[in-house]
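Worksheet for the structure shown next.
The values are calculated or read from the model by the stated rules, or taken from the named source; none is laboratory data. Small disclaimer: the values here were computed from a predicted structure and weren't measured. Positions of Cβ are backbone-derived with ideal geometry, glycine not excepted, and every protein chain shown enters the neighbour counts. Please note that ligands, DNA and RNA were not included when accessible areas were found on the heavy atoms of the full protein model with its side chains. Shrake-Rupley method; radii C 1.70, N 1.55, O 1.52, S 1.80 Å.
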Amino acid sequence: MTVLKIDSSARVEGANSRIITDYLVQQLGQPVIERDLVKNPLPPISPQDLVGVHGSHQDDRASLQQHLAMSNKLIAELQQADTLVLGVAMYNFSVPAYLKQWIDYVCRAGVSFRYTANGPEGLTGVKRVFIVTASGGTPIGGDWDFAGRYMEHICRFLGINEVVHVDASGSKGSPEVVIASARQQIDALLAQPELEEA
């Protein structure tokens, strides 16, 4: 069992989402692959290369080959994991640009998903995802939450059927209260036998 942990908060130190994903991974007690999209940002991609990556083009252009190699690496990280832990910092009601770029790299037809007569089918093999969404005041799961709901859609698109949300909203108030609440949610979630066995 392996966990892939993705952090995306622009705050490198003291971010609620980072503190909570660290706690969650500790409680899972499994080998971890860590990818910090802020400390180690993905390379900028041109419109031409983005189209090439999404089409899995076999163009010998050096820049496209570099981006395809990065895409392959990120997808391989997903395919090694049974559990995905996503630290999602909500900015302007949606996901950070760093996280959106990761999504654009890992969503590739014929590689991480395929189209079938019954619709898209995910190919990553990841069994479950914990989506830790941190916001200033936007209620998680509410009408203005385009971050957590979007990430759930992407995860299901990639074939992850078990989606668990951790609410880390309210960082404009007391961070200590937000973190304590999130830890309680995690403890309660992991006490459920079906989650322990996943």
For residue 152, only one of the following conditions fails: (1) outside any loop (DSSP other than H, G, I, E, B); (2) in contact with a Pro (Cβ under 9 Å, 6 or more places away or on another chain); (3) at pLDDT 95 or above. What is its number? (2)
Just give me the residues in region 155-184 being closer than 25 Å to residue 76 by Cα and assigned to a loop (DSSP other than H, G, I, E, B), in sequence order. 158, 159, 160, 161
Looking at region 8-23, which of its residues are under 16 Å from the mean Cα position of the chain (by Cα) and open to solvent by 60 Å² or more (accessible area, probe 1.4 Å)? 22
Can you go through 138, 133 and tell me which one is touching a Gly at 6+ places or on another chain (Cβ under 8 Å) and of a type in the set (Ser, Thr, Tyr)? 133
Hey, does region 31-42 have a residue that's over 14 Å from residue 96 (Cβ atoms), open to solvent by less than 60 Å² (accessible area, probe 1.4 Å), over 15 Å from the mean Cα position of the chain (by Cα) and not small (Gly, Ala, Ser)? no
Could you tell me how many of the residues in region 44-94 are open to solvent by 20 Å² or more (accessible area, probe 1.4 Å) and over 18 Å from the mean Cα position of the chain (by Cα)? 20
